[in-house]
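*Asks:* Sharing a structure here in structure tokens format.
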Amino acid sequence: MCQPVRVQGAECRPGPSPTARALRLEGIRARDGAALDSLLDALADPPWDAEVAPDDEVLPLLRARGFDEYARAVVMARPLEGLAPAPAAPGVRIGPYLNEWADSYAVGEAAAMAAHPFFAHMGPPTGYEGSEGFDAAIAARAEDRVVGFAQAQLPEGWINWLWVHPDHRRTGVATALVWEVANAVREARGTHLAALVPTQSDGAALLAKLGFRRRTERVLLLRRPDDAA
């Protein structure tokens, strides 16, 4: 758990960002611009990343202080109960991820995530290439290549990262990965799956087909280092 930073009229919990190479200001709150300035002064130097609701009163305060929007996203969730088993993806093996596949993973991730707004602000390596044994880390492999991947927290069922190589999309690989994640969450006595995905993306459409429902919309903002161009 991140330790909160508090000043009069403002607070946040700084920690690593899951969507950008920056310090995530989790749960950021500020009474007004002056309080926000005091909070930012109390933090390590930027880059800073923030995730807020579109109607959050802190959003215009952040924008006025150099935070630029880099993605719109939606939280989607569903209970494990009633999730239909995934059919087999032809020619693809689904199972626990191994770090020895890191080179193949990096090639597949770069191809799959090239247009993803989160990936543009993370860049390789994202860290997931070394996620063997980290909660649920599941790979899809065709011959000796990693062609899909999913990683989720246990038992919460929060899906942190999900991708499928473009050559293997619409073949059932993503559905099979979600099903394997669901099995791991069920074994850990979790009850739900959830994910943050870009609004109007293929990922959002896929999860909707799997029975995920939209919960809350989010705006992701990044303030770059003060000396950045």
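The values are calculated or read from the model by the stated rules, or taken from the named source; none is laboratory data. Owing to the predicted nature of the structure, the values given are computational and were not obtained by experimental measurement. FYI the Cβ positions are ideal-geometry reconstructions off the backbone, even for glycines, and counts take in every protein chain you see.
*Asks:* Checking the conditions here, which among L83, L61 is of a type outside the set (S, T, Y), closer than 25 Å to P46 by Cα and touching a Gly at 6+ places or on another chain (Cβ under 7 Å)?
*Replies:* Answer to the selection: L61.
*Asks:* Any residue at all in segment 153-165 that's more than 17 Å from the chain's Cα centre (by Cα) and among the charged types (D, E, K, R)?
*Replies:* No, there is no match, as no residue in segment 153-165 is more than 17 Å from the chain's Cα centre (by Cα) and among the charged types (D, E, K, R).
*Asks:* Kindly list the number of the only condition in (1) surrounded by fewer than 20 Cβ atoms within 10 Å (Cβ to Cβ); (2) within 25 Å of I28 (Cβ to Cβ); (3) β-branched (V, I, T) that fails for V197.
*Replies:* (1)
*Asks:* Have a look at A182, A204 and point out the one that is in a helix (DSSP H, G or I), within 26 Å of R21 (Cα to Cα) and either of a type in the set (S, T, N, Q) or not assigned by TED's automatic domain parsing to the domain that holds E69 (or both).
*Replies:* On the way: A182 fails: within 26 Å of R21 (Cα to Cα).
Only one candidate qualifies: A204.
*Asks:* So which of R29, R13 is within 20 Å of Q153 (Cβ to Cβ) and not assigned by TED's automatic domain parsing to the domain that holds W161? First the steps, then the outcome.
*Replies:* Working: R29 fails: within 20 Å of Q153 (Cβ to Cβ).
Checking each option against the conditions leaves just R13.
*Asks:* Could you check segment 9-67 and list, in sequence order, the residues that are touching a strand residue (DSSP E or B) at 6+ places or on another chain (Cβ under 9 Å), in a helix (DSSP H, G or I) and not aliphatic (A, V, I, L, M)?
*Replies:* D37, S38, D41, R63
*Asks:* Next up: Give D49, D32 a once-over and let me know the one that is on the phi < 0 side of the Ramachandran plot, in contact with a Lys or Arg (Cβ under 7 Å, 6 or more places away or on another chain) and among the acidic types (D, E). Explain how you work it out, then say what you get.
*Replies:* Details: D32 fails: in contact with a Lys or Arg (Cβ under 7 Å, 6 or more places away or on another chain).
Step by step, each of D49, D32 is checked, and only D49 is on the phi < 0 side of the Ramachandran plot, in contact with a Lys or Arg (Cβ under 7 Å, 6 or more places away or on another chain) and among the acidic types (D, E).
*Asks:* Further question: Checking L196 against (1) within 30 Å of P47 (Cα to Cα); (2) without any contact (Cβ under 8 Å) to a residue 60 or more places away in the chain: exactly one of these is not met. Which one?
*Replies:* Exception for L196: condition (2).
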